[in-house]
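Enquirer: This structure is in structure tokens; I'll ask about it shortly.
The values are calculated or read from the model by the stated rules, or taken from the named source; none is laboratory data. From a predicted model like this one, the values you see are computed outputs, not experimental measurements. When we count neighbours, we look across all protein chains shown, and the Cβ atoms used for this are built from the backbone with ideal geometry, even at glycine.
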Ligand code: NAI
Ligand code: MG
């Protein structure tokens, strides 16, 4: 297969930031020359064809691709008959059970000293989307089923411990005197004081595998007080192991700490496949701007993270450094207070490579 990467740009700024990531992947030294295949998915594709995630996209990913990059898709907040979010479906189809979201500030810039990784369970919780609504004499009542399984919680726990160990190792090798300085630490995020059965199972399942990682300190925190800590003392947080919904919410909060959603990457990880994906959405408020002012960094860092999880640690580090240099030199888009366009930022990152 070589390095064949499925590119699912999706909607809105996904169409702008994914090509930026592609340019970086084409120019980073130290990896086999990648080839790319553009694949359809998203709301606009649904409006044209009635299908949000074409089976051909999934088949091509499974049969031809070594990895993938996903841009963003729009999902209306109201129910649209026949439409459901392709990213949620794709994570399930490809069994990408963990969403790993490093939130790091750049040394030498203003702002909080943050260096944490949110590890979000990706397949269950409320996102199984089993919702019902019924008319009752007192009015409508809607219900949602929340699924937490021992299997999914255990594997997300293991992933969190592995990441804590890997992060500590990288820190040792690359130095850096910002953000989390303590021993490898995993904080289990839950609400088992109220949801003692579902969150209770999550918490116990993660704790049950902690014994296999004696080098990692295990903490836990109720999700609401975790959010408080996130804003009060983010420099004291390291790896956060979260059920799906809490992980989704906490990571946008984390993005605010480092300045913009346009900075925060993620990678969807399964046992057999990796898919990079910026944390942000399709940003309809800026999607039509010409020239584009969408920040390409989240997407470019997601490409690096994808490489890192495929074992290309050095090439990934080169991309992170090229991005940090660009930010330090002031090559930033308006979301970070700058005046640069998507292309100007991307080209500076390419020069730094
Ligand atoms: P959003 O992340 O698209 O935008 C939130 C705010 O951040 C906006 O003001 C936007 O301009 C800004 N922003 C986001 N990314 C940026 C970037 N790279 N550069 C500069 N500014 C950036 O979230 P929102 O507005 O809640 O959702 C918009 C659409 O995106 C919705 O249809 C939603 O369903 C979808 N969405 C899709 C996701 C995905 O595909 N994984 C994730 C989140 C939302
Ligand atoms: Mg989200």
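Enquirer: When you go through (1) modelled with pLDDT of 95 or more; (2) surrounded by 21 or more Cβ atoms within 10 Å (Cβ to Cβ); (3) within 28 Å of residue 258 (Cα to Cα) one by one for residue 220, which number turns out not to apply?
Expert: (2)
Enquirer: For the stretch 172-199, name all the residues that are surrounded by fewer than 16 Cβ atoms within 10 Å (Cβ to Cβ) and assigned to a helix (DSSP H, G or I).
Expert: Selection gives 172, 173, 174.
Enquirer: Please go through the stretch 33-77 and pick out each residue that is surrounded by fewer than 16 Cβ atoms within 10 Å (Cβ to Cβ) and more than 28 Å from residue 295 (Cβ to Cβ). Explain how you work it out, then say what you get.
Expert: Taking the stretch 33-77 first, the residues surrounded by fewer than 16 Cβ atoms within 10 Å (Cβ to Cβ) are 33, 35, 37-38, 47-50, 55-56, 59, 62-64, 76-77.
Residues satisfying the conditions are 49, 50, 55, 56, 59, 62, 63, 64.
Enquirer: Would the stretch 270-289 turn up any residue that is buried (at least 19 other Cβ atoms within 10 Å of the Cβ) and without any contact (Cβ under 8 Å) to a residue 60 or more places away in the chain?
Expert: Taking every residue of the stretch 270-289 in turn, none turns out to be buried (at least 19 other Cβ atoms within 10 Å of the Cβ) and without any contact (Cβ under 8 Å) to a residue 60 or more places away in the chain.
Enquirer: Being under 20 Å from the mean Cα position of the chain (by Cα) and not assigned by TED's automatic domain parsing to the domain that holds residue 7: is that true of residue 84 here?
Expert: Working: under 20 Å from the mean Cα position of the chain (by Cα): yes; not assigned by TED's automatic domain parsing to the domain that holds residue 7: no.
For residue 84, the condition - under 20 Å from the mean Cα position of the chain (by Cα) and not assigned by TED's automatic domain parsing to the domain that holds residue 7 - is not met.
Enquirer: Follow-up question, since we're still on this one. Looking at residue 229 and the list (1) in contact with a strand residue (DSSP E or B) (Cβ under 8 Å, 6 or more places away or on another chain); (2) touching a residue at least 12 places away in the same chain (Cβ under 8 Å), which single condition is not satisfied?
Expert: (2)
Enquirer: Continuing with this model, one more query. Go through (1) surrounded by fewer than 21 Cβ atoms within 10 Å (Cβ to Cβ); (2) out of contact with any helix residue (DSSP H, G or I) (no Cβ under 6 Å at 6 or more places or on another chain); (3) touching a residue at least 24 places away in the same chain (Cβ under 8 Å) and name the single condition residue 251 misses.
Expert: Only one criterion in (1) surrounded by fewer than 21 Cβ atoms within 10 Å (Cβ to Cβ); (2) out of contact with any helix residue (DSSP H, G or I) (no Cβ under 6 Å at 6 or more places or on another chain); (3) touching a residue at least 24 places away in the same chain (Cβ under 8 Å) is unmet by residue 251, namely (1).
Enquirer: Here's a follow-up. Which of the residues spanning the stretch 260-293 are touching a strand residue (DSSP E or B) at 6+ places or on another chain (Cβ under 9 Å) and assigned to a loop (DSSP other than H, G, I, E, B)?
Expert: The initial filter retains those residues of the stretch 260-293 that are touching a strand residue (DSSP E or B) at 6+ places or on another chain (Cβ under 9 Å), namely 263-270, 273-283.
Listed by number, the residues that qualify are 264, 265, 266, 270, 273, 277, 278, 279, 280, 281, 282, 283.
Enquirer: Now a separate question. With (1) within 30 Å of residue 327 (Cβ to Cβ); (2) at pLDDT below 95; (3) touching a strand residue (DSSP E or B) at 6+ places or on another chain (Cβ under 9 Å) as the list, and residue 166 as the residue in question, which single condition is left unmet?
Expert: Residue 166 satisfies every listed condition except (3).
Enquirer: Oh, and also: Could you check the stretch 6-115 for helices (runs of 4 or more DSSP H) lying wholly inside it with 1 or more residues that are touching a helix residue (DSSP H, G or I) at 6+ places or on another chain (Cβ under 8 Å), within 16 Å of ligand 2 (Cβ to nearest atom) and in contact (Cβ under 8 Å) with a residue 12 or more places away in the chain?
Expert: Numbers: elements: 14-27, 43-49, 55-64, 86-93.
Filter on the stretch 6-115 gives 14-27, 86-93.
Enquirer: Evaluate the stretch 296-306: report whether one residue or more is farther than 19 Å from residue 61 by Cα, within 16 Å of ligand 2 (Cβ to nearest atom) and modelled with pLDDT under 95.
Expert: No: the stretch 296-306 contains no residue that is farther than 19 Å from residue 61 by Cα, within 16 Å of ligand 2 (Cβ to nearest atom) and modelled with pLDDT under 95.
Enquirer: Let me ask something additional. Using beta carbons and a limit of 8 Å, which pairs, at least six apart or on different chains, have the first residue in the stretch 336-349 and in a loop (DSSP other than H, G, I, E, B) and the second one surrounded by fewer than 19 Cβ atoms within 10 Å (Cβ to Cβ)?
Expert: Close Cβ pairs satisfying both conditions: 338/330; 341/291.
Enquirer: Residues in the stretch 117-134 that are within 17 Å of the chain's Cα centre (by Cα), modelled with pLDDT under 95 and assigned to a strand (DSSP E or B): how many?
Expert: Residues in the stretch 117-134 being within 17 Å of the chain's Cα centre (by Cα), modelled with pLDDT under 95 and assigned to a strand (DSSP E or B): 1 in total.
Enquirer: Looking for whichever is under 22 Å from the mean Cα position of the chain (by Cα) and more than 23 Å from residue 271 (Cα to Cα) here; the options are 220, 162. Which one fits? Working first, answer last.
Expert: Numbers: 162 fails: more than 23 Å from residue 271 (Cα to Cα).
None of the others qualify; the one that does is 220.
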